There are 2 protein chains.
Amino acid sequence: MTVPGAKLDELCINTIRTLSIDGVQKANSGHPGLPMGAAAMAYVLWTRHLRCDPADPAWPDRDRFVLSAGHGSMLLYSLLFLTGYGLTLDDLQHFRQWGSRTPGHPERGDTPGVEVTTGPLGQGFGNAVGMAIAERWLAATFNRPGQPIVDHRTYVLASDGDLMEGVAAEAASLAGDLRLGRLIVLYDANRITLSATTDVTFSEDVGARFAAYGWQVQEVDGMDVAAVDAALTAARADEQRPSLIVARTHIGFGSPHKQDTFEAHGEPLGKDEVRLTKRAYGWPEDADFFVPPEAQREFDRVGARGAERRSAWQQVMLAYRAAQPELAAAFERALAGELPPGWDAALPVFTPADGDMATRDAGGKVMAVLADSLPNLVGGSADLDPSTRTMLKGKGDFQSADVPEKGQTPPTQGLAGGVWGYAGRNIHFGIREHAMTAILTGMAHHGGVVPFGATFLTFSDYMRPSIRLAALSEAHVIYVWTHDSIALGEDGPTHQPVEQIASLRAMPNLLLLRPADANETVEAWRIALQHRGGPVGLLLTRQKLPVLDRSTLAAAAGVARGAYVLADAAPGSPELILIATGSEVSLALEAHRRLAAEGVRSRVVSMPSWELFRAQPAEYRDAVLPPALHARVSVEAGSPFGWERWVGLDGAIIGVDRFGASAPGPVVMAEYGFTVDNVVATAKSVLARERH
Amino acid sequence: MTVPGAKLDELCINTIRTLSIDGVQKANSGHPGLPMGAAAMAYVLWTRHLRCDPADPAWPDRDRFVLSAGHGSMLLYSLLFLTGYGLTLDDLQHFRQWGSRTPGHPERGDTPGVEVTTGPLGQGFGNAVGMAIAERWLAATFNRPGQPIVDHRTYVLASDGDLMEGVAAEAASLAGDLRLGRLIVLYDANRITLSATTDVTFSEDVGARFAAYGWQVQEVDGMDVAAVDAALTAARADEQRPSLIVARTHIGFGSPHKQDTFEAHGEPLGKDEVRLTKRAYGWPEDADFFVPPEAQREFDRVGARGAERRSAWQQVMLAYRAAQPELAAAFERALAGELPPGWDAALPVFTPADGDMATRDAGGKVMAVLADSLPNLVGGSADLDPSTRTMLKGKGDFQSADVPEKGQTPPTQGLAGGVWGYAGRNIHFGIREHAMTAILTGMAHHGGVVPFGATFLTFSDYMRPSIRLAALSEAHVIYVWTHDSIALGEDGPTHQPVEQIASLRAMPNLLLLRPADANETVEAWRIALQHRGGPVGLLLTRQKLPVLDRSTLAAAAGVARGAYVLADAAPGSPELILIATGSEVSLALEAHRRLAAEGVRSRVVSMPSWELFRAQPAEYRDAVLPPALHARVSVEAGSPFGWERWVGLDGAIIGVDRFGASAPGPVVMAEYGFTVDNVVATAKSVLARERH
């Protein structure tokens, strides 16, 4: 028996709906309303447009699908199950249970086919812009005539809530500016949020707003398969503008008592309502997790078509490898997340003869080398590259090549050649720290690029929700945070970080490095690029610092262990430990010398990374910080919060326990106690207390 | 001698410009470009439209002026000096110096006439929306026919950078929805940011975007006094829509080499360029901080007109006091930030007989009382009030009264009467956590209301940049953060806070309270409302908790001291201390009982607030945590980060050192070690180590 087209569509759509309803009902927790309303759109996208092969969820040239409205996770799980990504009915039946592959919100790594971790609203939208950027950069860099080895799109399903969030607004503005025509957003405009109808707070004209950003905007009935299909076709046809399809839908569609109400949003329908809803669909009321065979056959076609497409792409890759062996090797290395041979051979080594140098400047010199040795290092700043020193000089701006008024020279393709147009490697994120961060995560998870983003450390606050998701989903992103203390001076307390270092240290999976001088900065970058398992933050100074004399001090390679003995008491047996990070290490060294002159035997520990130090074996940690040695003083121009971990209750913490102040940097530092005198006096008082 | 009109305007404008140039040059630090480009607009606003009296910067019915582009601080300082706010030339000459009244960015509290602390972009815009909300609420609540005691506007000067930030986009969307016609934004569209021209990243049509939000939008030549004047008049005439005046300006106007370049943005012009610029203005090239007497006379008129207006308002207030003595008293108490007599008399007292209760539910019951006893408690949630329990029932939605399609009943004025329209006390912030927070700060600094805002604790990340400014500027705002641990369960790691508590504790001036049960929740609210000097965060559970039996345990009033001995070892001499916060206190109590049964003498300390406990005298702290007693175990379902402060290096910390997981809450808690068994076993191992 065959089922006629429209009927078959409805059968498939209702299969998605009822699986989602049943998953939520069985878990007794979750969000049934979105899957019920958006199933038709998702069905059209997945069965008629999405370029994917469920047999290989990691196929590099697949279209990316981002469920920005992550609370509708059962929609995605149902699709992944039905199209053959390896999810099972059992997985769907363990929705939201301990250890299952179907957690409450989609989590990258837990489930095949989940591209990014979503849930906090707006984030997936930002990630998707990053994916679309990565695709355009890879295409411009690696494609050759007749060999489009990168040729895919990024699709998003976004909710009202996603589009209320500022991060999505920032990302949409940038996507329009960059003319990311390969980005297509289905906006599930159901006008219902968790607590209310949107008209109590969200009466703006979203379509007009996106048109103002430079997007193609279409409005359709999101319950109408043909209309959605036509809109997706039109969206794909416009390669000059990202597309927003404003799809009017009905949350909780089919539920006699809950459709179009916020009660359908975030709670199970309830057993009785589930039955009534199934009845409304013409579904067997008592069958749970029921998949009609005709529907399954239709969903199976996704895999069949995907296999063909992937096979065709593999043929193109074969020809590409033959014609462009070096480029092909670089492409495959980039996708594998490997660093090119010799990438760090030319990294600089500094000596005191180079003169005092801010670590932001040392970072800039490192990046000047990496610009050549690591050709897929791509990123930018939130309008602060003159201050953060993060411009990849001579590597072009990432810009649409089709915008003559932007003053670009015409694009030349490829790594070896020019670097204009979408092959440019400097992204102007604008004053949009939050979107920048979500975009970087999307770039990392797209694969093929090593993304970085820069701003002042204080403004890491703006980035925080996206940093967290990068950490949770273990994205390899490098954040360059300069102006890392009150020593930045005149800009004052609004710009001076205080609590940021502690706040970031508290986050799981985030590696922080606060190098003490130019050579530690080199090591920090080396570690950052090799690190896996989460993002890395580099904390760099605005102010100049001495280049430490490594002929008399320990080598900067100690950075890799998180903390190391930089200078020790002359006879070898310290009675006191000074622990410092970043710009305060040279201050601790001066205090150490003064103490030595006064007969006090101190050790200076440079501790650029708590996280790396904690990962060392106990014997190493105990060698650096002997447990019996309680006389310890920490020096860091940031919140004292957390430093008891290293100095205990017997030590002293020299930190910043209030907001900063506007004045020249050296004045601020002196007023806040970052002077040799104060470190020496504090050390002596700790020692006296210990001896007592 | 009199100077003709246009000439006088130019003289005044150039006075603002040259003062700003000289201030930055003398500090050798700062941002001259914005004041030079925006001086004409600011001059028109301040001398022809702004309702203010420099003799009384705190006059309640003044117009508010927010320099959202805080880096242009010298513009504001020049205006405050010229119009007579008490700033002196000496102050201008000490721009950005230690202890001066002219810090790098405007800071509320440092300088008379500075309404809010700005600098981090987008924040001032959000604050201004909050001020406009407060104005409308106070007007709807207190004004009576013929007695408009609240009748002012909020003006903003915003830059390209402000309007790139998501927080401003969120706030603008809400302002449009709420039809805040008393809000007028001058957008200094100079198309230059710190690092570039805006066309590399910000090519959107800002005017069209704001029109989509429902704003009145005008485009003018921002250098043209008459055009700006007319636009401001038209903006004031539209009381139904907030207004955006897109003013094309020239950054660094008049500087022969730097006008219209980003070099004018963030650095002094340099001595030679200062001379050339002054020459271009027809200014004496060698005169620094020069104020032509004709210009000063013109600026003096601001004060003269302001005195008249304030005097007229005082007459209205006199009549109002006579006609509405009770309302007048409530109004003046609200403006003074005082709580009404008896405001806490009806707060509930809970007993175990009330059954287990989530602290969010206890919080809801407290708010139900406060809804009546504290009539200027105004706030809402970021679309989560069904979950956060923060709706003030029966107190109406804050909505424009002129929007029949919103389904509001017609507004009735006054505290005693209805609560609809702008007198409604529940603000639907939408899924806009960041704007919500900036708005709350603006409401607090406007005065007259006690603002609160709610969301899940995890999403405090979205709020963070605005929380920081609230803390820095000591705004009295209450954040209600529910779902405060991994115990929230199924929603999984994207929604489960881990590092948030530690991250927030690291912030200066922020008071956190994590109550252990319903009665501690009452105390927490009591403290929050009486606290001054910064915002307060309440951390509340989703899950139910026992109501602690205060007939056998210490009174919940101990919350006021931050930490207190809830239960002690029977003979009085504990050998071990269990320190817990919030939901983990009842777990610690259970462990305490089990330990007692096994002959181990433990003390349970409930520590709802680190900040309050640290502020106690040393003898109290030592009585709660005897220094000699090293066997300590902390229990908190959050990051262990920082807990060494209380348990030292000899204690143990039961916390969450990785991200959460999706599963029912009790399962997650058990898997992460929050069980009586684990607390008991940990306590015993600490004790064994101590004895050893």
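The values are calculated or read from the model by the stated rules, or taken from the named source; none is laboratory data. Note that the structure is a prediction, hence the values are computed from the model and not measured. Because the Cβ atoms are built from the backbone with ideal geometry, glycine has one as well, and the counts that use them run over all protein chains shown. Keep in mind that these areas ignore ligands, DNA and RNA; they rest on the heavy atoms of the full protein, side chains included. Shrake-Rupley method; radii C 1.70, N 1.55, O 1.52, S 1.80 Å.
Taking R0 as 51 Å, what FRET efficiency do you get between A:Asp90 and B:Lys684 from their Cβ-Cβ distance, rounded to the nearest 0.05? Each step should come with its number before you reach the end.
Numbers: r = 40 Å, r/R0 = 0.79.
Between A:Asp90 and B:Lys684 the formula returns 0.80.
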Under a 1.4 Å probe, counting only protein heavy atoms, A:Met223 has an accessible area in Å², nearest 10, of 40 Å²
Counting sequence-distant residues (5 or more places) and residues on other chains, those with an amide H built under 5 Å from that of B:Asp568 are B:Val604
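Would you mind getting me the FRET efficiency between B:Ala234 and B:Gln530? Use the beta-carbon distance for r and R0 = 41 Å, nearest 0.05.
Details: r = 45 Å, r/R0 = 1.09.
Step by step, r from the Cβ atoms, then E = 0.35.
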Reported to the nearest 10 Å², B:His531 has, with a 1.4 Å probe, an accessible area equal to 50 Å²
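Rounded to the nearest 5, what is the percent of antiparallel bridges among the DSSP beta bridges in the stretch A:557-691? Present the calculation step by step, with values, prior to reporting the outcome.
Values: 3 of 15 bridges.
Around 20 percent of the beta bridges assigned by DSSP in the stretch A:557-691 are antiparallel ones.
Exposed loop trypsin sites (Lys or Arg not before Pro) only (DSSP loop, at most 10 other Cβ atoms within 10 Å): please give the longest stretch of chain A free of them, not including the sites. List each step's numbers first, then the result.
Working: sites that count: A:Lys393, A:Arg532.
The longest such stretch corresponds to A:1-392.
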Helix B:359-373 sits off the longest principal axis of the Cα atoms of chain B, rounded to the nearest 10 on a 0 to 90 degree scale, by 50 degrees
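Counting only C-alpha contacts under 8 Å and six or more residues apart, can you give the relative contact order of chain A as a whole percent? Provide the component values of the computation, followed by the final result.
On the way: 1549 pairs, mean separation 82.7, N = 692.
Over chain A, the number comes to 12 percent.
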Here the residues of the stretch B:310-340 lying in the modelled label zone of B:Ala55, meaning backbone nitrogen under 18 Å from a point 7 Å along Cα-to-Cβ, are B:310-318
The set of residues whose placed amide H lies less than 5 Å from the amide H of A:Ile192, leaving out same-chain residues fewer than 5 positions away, is A:Thr198
For B:Lys365, the lysines lying under 20 Å Cα to Cα, once residues fewer than eight places off in the same chain are dropped, come out as B:Lys393, B:Lys395, B:Lys544
Using alpha carbon positions and the Kirkwood radius, the Rg to Rh ratio of the stretch B:461-593 is 0.99
Taking R0 as 56 Å and r as the Cβ-Cβ distance between A:Ser551 and B:Ala226, the FRET efficiency 1/(1 + (r/R0)^6), rounded to the nearest 0.05, comes to 0.20
In the stretch A:11-112, the chymotrypsin sites (Phe, Trp or Tyr not before Pro) that sit in a DSSP loop and have at most 15 other Cβ atoms within 10 Å of their own Cβ are A:Trp98
If labels are modelled 7 Å from Cα along the Cβ direction, A:Gln296 lies from its partners in the other copies at nm distances, smallest first, of 9.1
Averaged over residues of B:486-497, the number of beta carbons from other chains lying within 10 Å of each residue's Cβ is 6
Given backbone amide H placed at 1.01 Å from N, residues whose amide H is under 5 Å from that of B:Val220, ignoring those fewer than 5 places away on the same chain, are B:Val246, B:Ala247, B:Arg248
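Under the Kirkwood approximation applied to all pairs of distinct alpha-carbon atoms, what is the hydrodynamic radius of the stretch B:352-539 in Å? Can you show the working numbers first?
Working: mean 1/r = 0.0594 Å⁻¹.
Computed over the stretch B:352-539, the radius equals 16.8 Å.
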Shortest first and in nm, the label-point separations between A:Gly572 and its counterparts in the other identical copies (7 Å out along Cα→Cβ) come to 5.4
Once both label points are put 7 Å beyond Cα along the C-beta direction, the A:Leu649-A:Arg333 separation in nm becomes 5.5 nm
Placing +1 on each Lys and Arg Cβ and -1 on each Asp and Glu Cβ in the protein assembly as shown, then taking the dipole about the Cα centre, the residue among A:Phe331, A:Gly113, B:Trp643 whose Cα reaches farthest towards the positive end is B:Trp643
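For the stretch B:324-387, report the % of Cα-Cα distances exceeding 19 Å.
Working: 938 of 2016 pairs.
Summing the P(r) tail past 19 Å for the stretch B:324-387 gives 47 percent.
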Using alpha carbon positions and the Kirkwood radius, the Rg to Rh ratio of the protein assembly as shown is 0.96
Helix A:271-281 sits off the longest principal axis of the Cα atoms of chain A, rounded to the nearest 10 on a 0 to 90 degree scale, by 50 degrees
Dividing the helical contributions, -39500 (n - 2.57) per DSSP H run of n ≥ 4, by the residues of chain A yields a 222 nm value, nearest 500 deg cm²/dmol, of -12500 deg cm²/dmol
Rounded to the nearest 10 Å², the 1.4 Å probe accessible area of A:His94 is 80 Å²
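Dividing the convex hull volume of the Cα atoms of the stretch B:163-278 by its residue count, what figure in Å³ per residue is obtained?
On the way: hull volume 12.1 nm³, N = 116.
About 104 Å³ per residue, rounded to a whole number.
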homo-copy label distances at B:Gly342 (7 angstrom along Cα-Cβ), nm, one dp, ascending, are 8.6
Note to self: C-alpha centroids of the stretch A:15-39 and the stretch B:293-358 sit apart, in Å, by 50 Å
Mean projected area (nm²) from the convex hull of Cα positions in the stretch B:557-691 is 8.2 nm²
For the protein assembly as shown, the per residue accessible area (1.4 Å probe, Å²) is 30 Å²
Taking max minus min of the Cα coordinates of chain A on each principal axis, largest first, gives extents in Å of 95, 58, 45
For the stretch A:540-603, the percent of all C-alpha pairs falling in each 5 Å bin, from 0 up to the bin holding the max distance, is 4, 16, 27, 27, 18, 6, 2, 0
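Can you give the average number of partner chain beta-carbon atoms within 10 Å of each beta-carbon in peptide A:637-645, as a whole number?
On the way: counts 0, 1, 5, 3, 10, 10, 3, 8, 8.
Counting Cβ atoms of other protein chains within 10 Å of each residue's Cβ and averaging gives 5.
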With Cα coordinates, the longest principal axis of chain A makes an angle with the long axis of helix A:584-597, in degrees rounded to 10, of 20 degrees
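How much of the DSSP beta bridge set in the protein assembly as shown is antiparallel, as a percent to the nearest 5?
Details: 14 of 124 bridges.
Bridges in the protein assembly as shown that DSSP calls antiparallel: roughly 10 percent.
For the stretch A:352-539, give me the percentage of DSSP beta bridges that are antiparallel, rounded to the nearest 5 percent. List each step's numbers first, then the result.
Numbers: 0 of 21 bridges.
So the antiparallel bridges amount to about 0 percent of the total.
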Chain B to chain A by rotation: the residue of B with the beta carbon nearest the axis and the rounded distance in Å are B:Gly166, 1
In whole angstrom, the spacing between the Cα centers of the stretch A:491-556 and the stretch A:222-279 equals 47 Å
Rg/Rh over Cα atoms for the stretch A:470-537, Kirkwood Rh, comes to 1.00
Computed on Cα atoms, the radius of gyration and Dmax of the stretch B:83-235 in angstrom are 17.4, 53
